[in-house]
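*Asks:* Input: one structure, supplied below.
Bear in mind that the values in this text are calculations on the coordinates, not laboratory data. A quick note: this is a predicted structure, and the numbers were derived from the prediction, not measured. Heads up, the Cβs are rebuilt from the backbone with ideal geometry, glycines too, and the neighbour counts pull from every protein chain shown.
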Amino acid sequence: MTTMHSAVISTLPDEHHQRVLDVWDDLSDEFDLDPAGELPPPHVSYHVAERYDSSTVESRLHSVAADTDPFTVHAGGVGVFTAAPVVYLPLARAPALAALHDSLWSRLTEFAEHADSYYHPDRWFPHVTLAYHSLDRDQLGAVVEYLGEREFAWEMTIDDVAHLEATDDEMHIRSRVEF
């Protein structure tokens, strides 16, 4: 049976999207990791569930976008979630980013099938994933040391929300709304 996961995300601006792809290529070359093959396009996640009703999530994205103006986020350093493990680019939890997340959480959770509590406003860590599935715990220190030599003091504009669907076979953005 195919497993489906859905998420509500923001895509990254072209320049930063490419920077993440370049990091993924370097991790593939240096550590035989496959972030580009395992992860959706570079993004910031706000809400994750097994499934959403597509028409409802799209109308909610339009509603949130109508109330949101583009804003800037700041990234820096390298972070690690040890349970998985995951290596990520942390984002400062600025007021505009937190407000967007809170708005999405409150408008999506009621109809989401099995919403992931990790994304609850009290627990959410805004980030961009750099390495995950193929990352072995034994590689973690070397990957962090390798990435620690890079400059990640990025400033990015967030100007959209999107509905991402992933199955065992593919990942695609079903809808995207700019603000």
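*Asks:* Is there a quick way to get the dipole size of the chain? I mean about its Cα centre, with the Cβ of Lys and Arg at +1 and of Asp and Glu at -1; what is the value in debye to the nearest 20?
*Replies:* Working: 10 positive and 33 negative charges, 146 e Å.
That gives a dipole near 700 debye.
*Asks:* Sorted from largest to smallest, which semi-axis lengths in Å does the alpha carbon gyration tensor of the stretch 1-67 give for its equivalent ellipsoid, taking the root of 5 times each eigenvalue?
*Replies:* Working: eigenvalues 158, 60, 9 Å².
Taking √(5λ) for each Cα gyration eigenvalue gives 28, 17, 7 Å.
*Asks:* Pick out, from P95, H114, V73, the residue whose Cα sits farthest towards the positive end of the charge dipole of the stretch 34-159, with +1 on the Cβ of Lys and Arg and -1 on the Cβ of Asp and Glu.
*Replies:* After comparing all options, I get P95.
*Asks:* Also: If you stretched the chain out fully between Y118 and E58, how much longer would it get, using 0.36 nm times the residue separation minus the C-alpha to C-alpha distance? If you can, show how the numbers build up before the last one.
*Replies:* On the way: separation 60, 0.36 × 60 = 21.60 nm, distance 2.23 nm.
My answer for the length gained is 19.4 nm.
*Asks:* Next up: Run through all the Cα pairs of the stretch 54-179 and give the fraction in each 5 Å bin from 0, expressed as whole percent.
*Replies:* 2, 9, 16, 19, 21, 17, 11, 5, 1, 0
*Asks:* Amide H to amide H under 5 Å from L130: which residues, 5+ apart in sequence or cross-chain, H placed 1.01 Å off N in plane?
*Replies:* Amide H to amide H, under 5 Å and 5 or more residues apart or across chains, L130 pairs with V87, Y88, L89.
*Asks:* Then there's this: Enter the angle in degrees (range 0 to 90, nearest 10) between the Cα long axis of helix 14-31 and the first principal axis of the Cα atoms of the chain, meaning the one along which they spread out most.
*Replies:* 40 degrees
*Asks:* How fast does the stretch 15-105 diffuse by Stokes-Einstein, in µm²/s, taking the Kirkwood radius from C-alpha pairs at 25 °C and 0.890 mPa s? Could the numbers behind the result be given before it?
*Replies:* Details: Rh = 15.5 Å.
Translational diffusion coefficient: 158 µm²/s.
*Asks:* With angles folded into 0 to 90 degrees, how steeply does helix 54-66 sit against the dominant principal axis of the chain? Use alpha carbons for both and round to 10.
*Replies:* Result, in degrees: 90.
*Asks:* Which value in deg cm²/dmol, rounded to the nearest 500, describes the helix-derived mean residue ellipticity at 222 nm for the chain, given -39,500 (n - 2.57) per DSSP H run of n ≥ 4 and division by the residue count? It would help to have the intermediate numbers written out before the result.
*Replies:* Values: 5 runs with 57 residues, N = 179.
Helix-only estimate at 222 nm: -9500 deg cm²/dmol.
*Asks:* Expressed as a rounded percentage, what relative contact order does the chain have, with Cα pairs under 8 Å and six or more residues apart? Mind showing how you got there, number by number?
*Replies:* Working: 327 pairs, mean separation 64.8, N = 179.
Once normalised by length, the contact order is 36 percent.
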